[in-house]
Amino acid sequence: MTDLTGGSTLPQERRVVTPIPGPKSRELQARRSSAVAAGVGSTLPVFAARAGGGVMEDVDGNSFIDFGSGIAVTSVGASAEAVVRRASAQLADFTHTCFMVTPYEGYVAVCEQLAELTPGDHAKKSALFNSGAEAVENAVKIARAYTKRQAVVVFDHGYHGRTNLTMALTSKNMPYKNGFGPFAPEVYRVPVAYGYRWPTGPENCGAEASAQAIDQIRKQVGADNVAAIIIEPVLGEGGFIEPAKGFLPALARFAADNGIVFVADEIQSGFCRTGEWFACEDEGIVPDLITTAKGIAGGLPLAAVTGRAEIMDAAHAGGLGGTYGGNPVACAAALGAIETMRELDLVGRARHIGSVMKGRLSAMQEKFDIIGDVRGRGAMIAIELVKSGTKDPNPEATAALAKACHQQGLLVLTCGTYGNVLRFLPPLVIGDELLTEGLDIIEGALAEV
C-alpha cells in the first residue's frame, strides 16, 4: 500500500495522556496571555510540538487526530517529505532576494505549474503573494485595471479575508468585521444558492438564486459598472455551502456576456481538497481569474492569482508585487506539495475520504435530529446543527460538540454564518483507521450532546 504519511515519522495514532489542555500547554498559555494580543484567537489551547500525516502532537505528548489541517493548509500533511526536502535545499541556497529585485527560477516554476493545473486551456499567467486576502485584493486590482470599472459583486455567506478591502467583501460581521470599519466602497452583496435554507427548496434554488442575484446586479449596480464577480465555489467560513447546481454556470455566463471578470476564490477549496484540483471544475466553470493559497505550499505562506494572460497583463509594470510575495522557500515548498499531490493521487484520495465521511455522517443524521444537513465534497465536509424539529441554528450544540471532540483527542473546527456548522478538513494523507476513529468520536460526542 502507498505510504500516505508523506514520510512522517510520527506514530499515526490518537493518544490522550493528560487532561486537555495539559500542564505544559497551560504554562505556555499563561505566557501567551501576557505577550500575544487578545484579538488573536485559538480554537484549541494546546501547543503543537510536532505534526505529520493525520496527527498533531502537543507539548504534553497528547496526539490528536487532525480534522482541521490548519484550516485546509496542510493537505499533504504538516511535514511532507517533498516539501521539507525542497524547502530545506532552498533555505541552504538563499532565503530571499525579492523577486522584484532579482528574480529566481522557483517563482517561475510555480507560475508554470499553476498555468498547467488551473481550469481552461487558454494562455495563463500568475502573480504570487503571501496570503489569501492579498490574492483576493490583487484580483480586484487586476480586474479593475482590465475593465476600467470599479464595482465588485460578492455573495451572502462569503468570506474573502481580513484586510480592509477583503473585510468589505466578507459577509460575516463577527468576528471578522465588527468595530473595524469604515470599509472599502463599491462592494455589492447579492444572494447565494444556499440549498438547505432556500425558501422554496433545494430543487429550485440554483435557478431562483441566480435570477435574483443577476436581477439585483442589473438594478442596483448596472452590469456595465461591474469589474468583477467574486465567489468561493464552495463557501468556506460561511458554512461549507455548495451553491445549488446551475447557480455558478449562470453567474459565469452573465459575467462573460457583460465583460465582467469572473473570479473563483479557491483559497480554501483548491488543490485537491474537494476531489478535483479545483472546486469550480465540478460544473465545468473556467474562471477568468482564480485565487489560491492555503493548500498550495504544504504549510508555508504563499498565495497566487492566476488567470487569462490578457487580464493578468492589464496592470502596469510595478503595479503588482510585494517584498515577500513568492518567497523562494515558499515556492520550493509549493513545488514539493504539488509533487506530493500528483504522486499520491490526492484528488482520488480526497474523493475516497468524502465517500467515507459522507456515508458515516449521513447515517448519524438518521440517528440524531440535530444534524440538519450533511454537505460538502471530497475532504471538505460539514454538518449543520439545528434545534430539534426545526431549521433554527444551534450554535450552542456546535460549540459543545467541538469541545467534546477536543477532549477525546480529535481536532475539529466550527464555521458558518450562524456559528452552527462543524467542518471537517482532514489532511488528504490521513489513513483510513484514523479517519474511522475520528468519525467514531464524533458519533459518541453527538450521543452526549
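Values quoted throughout were computed directly from the atomic coordinates according to the rules given, and no laboratory measurement underlies them. The structure presented is a predicted model; accordingly, all values stated were derived computationally and were not measured. Ideal geometry is used to build each Cβ from the backbone, glycine not excepted, and the neighbour counts take in all protein chains shown.
Data table
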{"read-out": "Choice from 316, 96, 406 showing the highest fluctuation, given a GNM over the chain with Cα pairs closer than 10 Å", "value": "316"}
{"read-out": "Per-pair calculated FRET efficiency, R0 = 30 Å: residue 212 and residue 125 via Cβ, rounded to 0.05", "value": "0.30"}
{"read-out": "Cα-centred dipole magnitude for segment 185-255, charges only on beta-carbon of K, R (+1) and D, E (-1), debye, nearest 20", "value": "140 debye"}
{"read-out": "Charge dipole (the chain, unit charges on Cβ, about Cα centre) - positive-most of 434, 333, 213", "value": "213"}
{"read-out": "Paramagnetic reach from residue 225 in segment 151-170 [backbone N under 16 Å; point 7 Å along Cα→Cβ]", "value": "151-154"}
{"read-out": "Charge dipole of the chain about the Cα centre (unit charges at C-beta), most positive-ward option of 29, 298, 48", "value": "29"}
{"read-out": "Over the chain: Rg over Rh, Cα atoms, Kirkwood Rh", "value": "0.96"}
{"read-out": "Simple spin-label estimate for residue 355 and residue 15 in nanometres, 7 Å along Cα-Cβ", "value": "3.3 nm"}
{"read-out": "GNM top mover of 187, 36, 356 - the chain, alpha-carbon springs below 10 Å", "value": "36"}
{"read-out": "Ranking of 331, 205 by count of other Cβ atoms within 10 Å, fewest first", "value": "205, 331"}
{"read-out": "Computed helical MRE - 222 nm, the chain, DSSP H runs ≥ 4 contributing -39500 (n - 2.57), nearest 500", "value": "-11500 deg cm²/dmol"}
{"read-out": "Gain on full stretching of the segment that runs from residue 178 to residue 33 - 0.36 nm per residue minus C-alpha separation", "value": "50.0 nm"}
{"read-out": "Cα-based reach from residue 358 at 29 Å (exclusive), listing lysines while leaving out same-chain residues under 8 positions away", "value": "172, 245, 294, 367, 387, 391, 403"}
{"read-out": "Dipole in debye (nearest 20) - segment 1-152, about Cα centre, beta carbon charges: Lys, Arg +1; Asp, Glu -1", "value": "600 debye"}
{"read-out": "Peptides ranked, highest mean first, by Cβ atoms within 10 Å: ranges 443-449, 97-103", "value": "443-449, 97-103"}
{"read-out": "Net charge dipole size for segment 83-343 [Lys, Arg +1 and Asp, Glu -1 on Cβ; Debye, nearest 20]", "value": "660 debye"}
{"read-out": "Segments 68-79, 171-182 sorted - mean Cβ within 10 Å per residue, highest first", "value": "68-79, 171-182"}
{"read-out": "Whole-angstrom gap from segment 301-355 to segment 121-141, using each part's C-alpha centre", "value": "9 Å"}
{"read-out": "Relative packing of 265-272, 387-394, which averages over residues the other C-beta atoms within 10 Å, highest first", "value": "265-272, 387-394"}
